[in-house]
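Computed from the coordinates by the stated procedures, all read-outs in this text should not be read as laboratory data. Because the structure is a prediction, the values reported are computed rather than measured. FYI the Cβ positions are ideal-geometry reconstructions off the backbone, even for glycines, and counts take in every protein chain you see.
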Amino acid sequence: MCLVVNLPILRNAFLPWHLGTSYLEWFTSYVNKVVTGGYPIIRDQIFRYVHDKDCVATTEDITVSVSTSFLPELSSVHPPHYFFTYRIRIEMSKDALPENICQLESRYWRITNAKGDVEEVQGPGVVGEFPVISPGKVYEYTSCTTFTTTSGYMEGYYTFHCLSNKDRFFNVTIPRFHMVCPTFKVSTA
């Protein structure tokens, strides 16, 4: 499991994330996930994403799925600051009609921490982009959030407009996805 201490002092900071019986077992599993793309490399950084197969929502012809990753190297116990990234995949069915091509206009997030505190976020586009989604096409992006608690969840929706009918707007559900810090122990060293 994860051992988090004051991050500038990293010696003995983290135990293996994997429930394996040895470091070699954990390391072999880790390398396998990097090589097979289970842990993608984005801008020279390895992201250990976890995808819950139930974390998928389909609205009309558009499917949204989410994978999450806890980043202990950017997190701390004192003060409590738990850093998570999430990867969103937005895909239009290949069987959708060409007139269903649409563009993402805005996003709405409802972010809830383990204490039940809620923050709502609205804004244009996603990560500065306004992707056009067409039949069979996929758009993916990565973003992040932090919590002062060891867990929380996010959910919301995207607002799209049809390119063939600029007056037609519709919301696409973003499924609820949970972010949880692995169990940790504070080092006494």
*So which lysines can LYS94 reach, going by Cα to Cα under 25 Å and dropping same-chain residues fewer than 8 places off?*
LYS53, LYS137, LYS166
_Over the stretch 48-180, what is the relative contact order in percent, taking alpha-carbon pairs closer than 8 angstrom and at least six residues apart?_
29 percent
*How high is the FRET efficiency between GLU99 and THR149 when r is their beta carbon distance and R₀ equals 41 Å, given to the nearest 0.05?*
0.35
*Residues with amide H under 5 Å from that of ALA96, placed H, sequence gap 5 or more*: GLY136
_Kirkwood hydrodynamic radius, the stretch 80-136, all distinct C-alpha pairs: what's the number in Å?_
14.0 Å
*Under the Karplus relation 6.51 cos²θ - 1.76 cosθ + 1.60, θ = phi - 60°, what is the ordered set of whole-Hz ³J(HN,Hα) values for the stretch 104-111, x standing for Gly and Pro?*
6, 9, 7, 9, 9, 10, 10, 10
*Calculated from backbone phi, Karplus (6.51, -1.76, 1.60) coupling profile of the stretch 114-125 in Hz, x at Gly/Pro*: 5, 8, x, 5, 10, 10, 10, 10, 10, x, x, x
_Net charge, HIS178 excluded, C-beta distance under 14 Å - Lys, Arg +1, Asp, Glu -1_ = 0
*asked:* Run through the stretch 92-189 and list the trypsin sites (Lys or Arg not before Pro) located in a DSSP loop whose Cβ has at most 16 other Cβ atoms within 10 Å.
replied: LYS94, LYS115, LYS137, LYS166, ARG168, LYS185
